[in-house]
1. Once you put a point 7 Å from the Cα of E457 and another 7 Å from the Cα of E397, both along the Cβ direction, what distance in nm separates them?
2. Using the Kirkwood radius over C-alpha pairs as Rh, can you work out the diffusion coefficient of segment 385-499 via Stokes-Einstein at 10 °C, viscosity 1.306 mPa s, in µm² per second?
3. Would you mind computing, in nm to one decimal, how far apart the modelled labels at L520 and W365 are, each placed 7 Å from Cα along Cα→Cβ?
4. How much length, in nm to one decimal, is gained on full extension between V141 and R554, taken as 0.36 nm per residue of separation minus their Cα-Cα distance?
5. Test of understanding: what is the full-extension gain from W273 to A346, defined as 0.36 nm times their sequence separation minus their Cα-Cα distance?
6. Which value, in Å² and to the nearest 10, is the accessible area of R173 when all protein chains are kept and the probe is 1.4 Å?
7. Just to be sure I understand the model, the point goes 7 Å from the Cα along the line to the Cβ. What's the resulting F470 to A333 distance in nm?
8. Would you kindly state how much longer the chain becomes between A541 and V265 on full extension, computed as 0.36 nm times their sequence separation minus their alpha carbon distance, in nm to one decimal?
Amino acid sequence: MGSHTLPSDPRPAAPRAVSDEALPSPGAAASPGTTASPDVAASPGAAPPPHTASPPHAAPPSAQEPPPRPTSVAPSAASAPAESAPAKSAPARSAPAGATPARSAPRSLLLACGGSFLAFLDATITNLAVPDLARDFEVGVTSVSWVVTLYALPFAALLAPAGRLADVFGRRRLFVVGTAVFTVASVLAVVAPLFWVLLVARAVQGLGAALLIPASFAIVLADTPPERRAAAIGLWSASAALAAVAGPALGGILVDVANWRVLFVINVPIGAWLLARAPRLPDADRPGTAGSAAAGAARRGPDAVATVLLVAGIGGLVLGLTESQRWGWASAATLACLLGGAASTAAAVGRSARHPAPALEVDLWRIRAYATANVISVLFGAALYASLLLGVLFLVEAWDYSVLAAGFAMTPAAGWAALVGIMIGRSRRQPAPWALVVGGSVILAATASACALWLPETPHFASGWLPAGFGLGLGIGAVSVGVSSAAALAVEPRRFAAAVGLNIAARQVGAALGIAATALLVDRSGGGVGRFLDVYWLMAALCAAAAVAGPLLRVRPPAAGAAPAASLPQPRAAAGPEAG
């Protein structure tokens, strides 16, 4: 008798209470009638209906009593079904959006690491080819230095606008375009009959690398689950660090065994492999997170005027620094390059601050952790590329190493840098980005100071160079992962590519300045080992400044928001850690 009165009066009120509580649940929103209510009543609805009506009595009335069935099932199902029901409903709702990135994350990470390795390898692989290039084309060493500089210039200047392009037109599309441009330019460099053709090819390579890098990093961040992003960043940074540090070693070996054209031949099969695999990347124009609608409102290409101003500004600054020794610091040409470059860069920043589709995401600099990461990137880039160029020059000119021996001597630092990045990426407990930056910078500053004080004029590989390579590799690996993680985790997911492009652009600007400063110090009159040691002091000062700024990189570690994001498949759960 009670079983007939319960469905008529109290039971209809119970389903309303349950369905109201269940509104945030994906299962409840999908079908509030019959299917969703058992799932919902299992968790929040278990407490309100205390009645213990038996299931046989609740089953017959099918026309009027679909809502009462949850209240009769929930008490008998106890707690085990209560926990399994939401687990079934949530993945069923989110499978189409989230399952593909999860399954494709390893493949995406592999391709992204291959792209970063390719781009950063060519930034340093030509360092030991300078004598051969000067001899083959019958030009001076100063002219040959533009083989390095013309790659670094467009690479640095176009990274920030390319980051916006990746957010606007799609990371996969930009990855394919960047890889194609880079590979074609490599073929042109291989067959270059004249020196100016090689310079053009290097500039186009820098353009391709600028498109490739922010797209590859955005692929890593967007296609990797939040709880695994820190590990993915570590592996991506390890591949970039390995390429940059191994470039001189690999270049020296290839130049000694074959000739300088082989340096560009190796790019072709890697680029072809990336182009063949890239179409398998997830087909998504933007990260599938909250804020995609806001990003869609500004789907415009970056401002062309500000982009030109930025390229001209950075180019003028580096040109003035590189040629200042030959032209003279007080000459009209040097002052015009330096002052004009600074003014052009400032104009690009000012125009970007007002433009609806800026070439530079100026507002990102208002985030303290992100702004600090960019400053540290400039310091670290200057120290890193100065050390790579300095190591080659010191071994060949001061210790009379052959090009092949110098290449092998640079290998240990590259191996340690890659190993540190991989270990950080695989660590169960991820270190805080600021701790990595401070610790790595202190190690680099101490190693550079030790080299400046104790590096002898005669070769001491085992007792001098090998320990220095260990310290440099350890510091480079830690800082690379730390500063990349801090920059990425400081912004919201929909702006990953723009933020990463600007951060790596800052590093490449520092690289160009570090190379120019190293050339100025090493080429000065007087000779001897002292000119090399002065560069080590410069490195120590740059790394010490990075260590002082490191504590400002207070970014919430990704693990803090990973667990809730896994249990609540809503966009804001994935966007939370980065925004904070």
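1. The modelled label-to-label distance comes out at 1.6 nm.
2. So the translational diffusion coefficient is about 103 µm²/s.
3. It is 2.2 nm.
4. Details: separation 413, 0.36 × 413 = 148.68 nm, distance 4.40 nm.
The span from V141 to R554 would gain 144.3 nm if fully extended.
5. Details: separation 73, 0.36 × 73 = 26.28 nm, distance 3.99 nm.
Working it through step by step, the gained length comes to 22.3 nm.
6. Probe radius 1.4 Å; accessible area of R173 about 140 Å².
7. 4.7 nm
8. On the way: separation 276, 0.36 × 276 = 99.36 nm, distance 3.76 nm.
Extra length available between A541 and V265 comes to 95.6 nm.
The values are calculated or read from the model by the stated rules, or taken from the named source; none is laboratory data. Please read all numbers here as calculations on a predicted model, not as lab measurements. FYI the Cβ positions are ideal-geometry reconstructions off the backbone, even for glycines, and counts take in every protein chain you see. The protein model used for the area step is the full one, side chains on, heavy atoms only, and it has no ligands, DNA or RNA in it. Shrake-Rupley method; radii C 1.70, N 1.55, O 1.52, S 1.80 Å.
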